[in-house]
1. Among the residues of the range 26-48, count how many are touching a residue at least 40 places away in the same chain (Cβ under 8 Å) and of a type outside the set (D, E, K, R).
2. Just checking, does the range 9-16 include any residue being touching a helix residue (DSSP H, G or I) at 6+ places or on another chain (Cβ under 7 Å), open to solvent by less than 100 Å² (accessible area, probe 1.4 Å) and without any contact (Cβ under 8 Å) to a residue 24 or more places away in the chain?
3. Considering only residues of the range 20-62 that are open to solvent by 40 Å² or more (accessible area, probe 1.4 Å) and among the polar types (S, T, N, Q), which is nearest to residue 73 (Cα to Cα)?
4. Of the conditions (1) under 21 Å from residue 14 (Cα atoms); (2) within 14 Å of the chain's Cα centre (by Cα), residue 60 satisfies every one except a single condition; which number is it?
5. Within the range 67-81, which residues are open to solvent by 60 Å² or more (accessible area, probe 1.4 Å) and not small (Gly, Ala, Ser)?
6. Considering the range 1-53 alone, what residues qualify as being modelled with pLDDT of 85 or more, among the small types (Gly, Ala, Ser) and more than 16 Å from residue 69 (Cα to Cα)?
Amino acid sequence: MAICGYNKKIGSGLKLLFDGMIDSMEEKAAKTHSEIKVLDDEIRELNIMIEKMQNQGVIQDIFIGLNTFAKHFLSKLESNY
């Protein structure tokens with residue numbers, strides 16, 4: 001957290017963000033009956049978002065960081081399947 005430092009609210013916020021992402025993906029997977037497809041689609045979309053946001057400014061850099069973190073997290077989930 002180079003911009004503002006770190007505190008417990010940031011950690012709680014990141015956990016809430018990823019809990020929400022997982023809930024959303026579980027809902028999608030229930031509709032499509034394919035957890036792997038949902039993870040693959042999410043990782044592909046994150047790659048597209050990261051690529052499109054690069055070199056656009058500080059706010060986009062923050063979102064690139066979050067998307068990169070999410071991509072790594074989801075890739076680890078995917079490797080467990």
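The values are calculated or read from the model by the stated rules, or taken from the named source; none is laboratory data. Keep in mind that this is a model prediction, so the values were computed, not measured. Please note: Cβ atoms are built from the backbone with ideal geometry, for glycine as well, and neighbour counts cover all protein chains shown. Surface areas here come from the heavy atoms of the whole protein model, side chains and all, with no ligands, DNA or RNA. Shrake-Rupley method; radii C 1.70, N 1.55, O 1.52, S 1.80 Å.
1. Within the range 26-48, the first condition is being touching a residue at least 40 places away in the same chain (Cβ under 8 Å), and the residues that meet it are 35-36, 39.
Imposing the further condition that a residue be of a type outside the set (D, E, K, R) reduces the set to 36, 39.
Here the count works out to 2.
2. Step one: of the range 9-16, the residues touching a helix residue (DSSP H, G or I) at 6+ places or on another chain (Cβ under 7 Å) are none.
Taking every residue of the range 9-16 in turn, none turns out to be touching a helix residue (DSSP H, G or I) at 6+ places or on another chain (Cβ under 7 Å), open to solvent by less than 100 Å² (accessible area, probe 1.4 Å) and without any contact (Cβ under 8 Å) to a residue 24 or more places away in the chain.
3. Among residues in the range 20-62 that are open to solvent by 40 Å² or more (accessible area, probe 1.4 Å) and among the polar types (S, T, N, Q), the one nearest to residue 73 (Cα to Cα) is 47.
4. For residue 60, the exception is condition (2).
5. Pass one, the range 67-81, residues open to solvent by 60 Å² or more (accessible area, probe 1.4 Å): 68-69, 71-73, 76, 79-81.
Across the range 67-81, the qualifying residues are 68, 69, 71, 72, 73, 76, 80, 81.
6. 24, 29, 30
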